[in-house]
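Structure first, then comments.
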Amino acid sequence: MTHSRRSVLRRGAGLAVAGTAASLAGCAGNGGGGSEGFDSGYAAFFTLNDWANEVAGDNASFEDPVDVGQLGHGWTPDGTLAADVAATDAFVYLDSPEFAWAQDLAATLESDYDTVATVDVLDGLEGDLLEWNHSHGESHDG
């Protein structure tokens, strides 16, 4: 069975907490760059950018399209972002309505740019996250 770089990255993202470092670093170490290597990507906002750069180490670098001091939710990208991201190897994002621009960009990349891996770091973690209306016997208010 042959796996594409995209499928390997997507599977690795599903294991974000327990081993994505090996997945991205493994992809990065396969070649010396170009179409066979993993060199660069974009991450939807600062926290994901920091995480992706830590995971990739010296093997790849990630950029944050959101300017310093701005928040990723409610942000609107300029018209060239899809082309800029398509020139890289991956887009790391949260598939969450708060980041609708990232959801839209991921959908565009998946349909129009099959060489870019879209990595939803929430994929596969649904059962491991707290529900918004969770209860544990304590109040969150003061």
Problem - Qualifying residue in region 93-100 (condition: buried (at least 19 other Cβ atoms within 10 Å of the Cβ), at pLDDT 80 or above and in a loop (DSSP other than H, G, I, E, B)) - result: yes
Fill in the blank from the handout: In region 101-114, anything among the aromatic types (F, W, Y) and in a helix (DSSP H, G or I) is listed as W101
Practice task
List every residue pair whose Cβ atoms sit under 8 Å apart, with the two residues 6 or more apart in sequence or on different chains, where the first one lies in region 51-68 and is assigned to a strand (DSSP E or B) and at pLDDT 90 or above and the second, anywhere, is crowded, with 16+ Cβ neighbours inside 10 Å and acidic (D, E).
Solution key: S61/D39
Exercise for the section: Take region 83-92 and flag every residue that is in contact with a helix residue (DSSP H, G or I) (Cβ under 8 Å, 6 or more places away or on another chain) and surrounded by fewer than 21 Cβ atoms within 10 Å (Cβ to Cβ). Expected result: A86
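The values are calculated or read from the model by the stated rules, or taken from the named source; none is laboratory data. Bear in mind that the values here come from a model prediction, so they are computed numbers and not experimental data. Counting neighbours? That spans all protein chains shown, and the Cβs are built from the backbone with ideal geometry, glycine included.
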